Amino acid sequence: MPAIHFNLYDLTLFLPMAVAGALLVGGIPVATRSTRYGLRAVGAMVGALVAFLVVEALPVLV
């Protein structure tokens, strides 16, 4: 089972990536407010997932 290399300093990458994902995906024009909030939530999760993959891939690449 692979070890996860994660510490609290990685939040400096996670939070901006989650905000960027929420802004990019939440900017899609939709008709209802609930759909917009749902898209923002999905964008934040995708941004955090991308940040997690970057943090886990860096030790492998170095």
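The values are calculated or read from the model by the stated rules, or taken from the named source; none is laboratory data. Note that this is a predicted model, so its numbers are computed, not measured. Cβ coordinates were reconstructed from backbone atoms using ideal geometry, including for glycine residues, and neighbour counts include every protein chain displayed.
In table form, for the structure just shown:
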| item | result |
| --- | --- |
| Pairs, first surrounded by 11 or more Cβ atoms within 10 Å (Cβ to Cβ) and of a type outside the set (Asp, Glu) in the range 1-19, second part of a helix (DSSP H, G or I) and modelled with pLDDT under 80, C-beta under 8 Å, six or more apart | HIS5/PRO59 |
| Among the residues listed as VAL55, VAL60, the single one being surrounded by 11 or more Cβ atoms within 10 Å (Cβ to Cβ), modelled with pLDDT under 90 and either under 17 Å from ASP10 (Cα atoms) or hydrophobic (A, V, I, L, M, F, W, C) (or both) | VAL55 |
| Filter result for GLY43 (at pLDDT 90 or above and in contact with a helix residue (DSSP H, G or I) (Cβ under 9 Å, 6 or more places away or on another chain)) | yes |
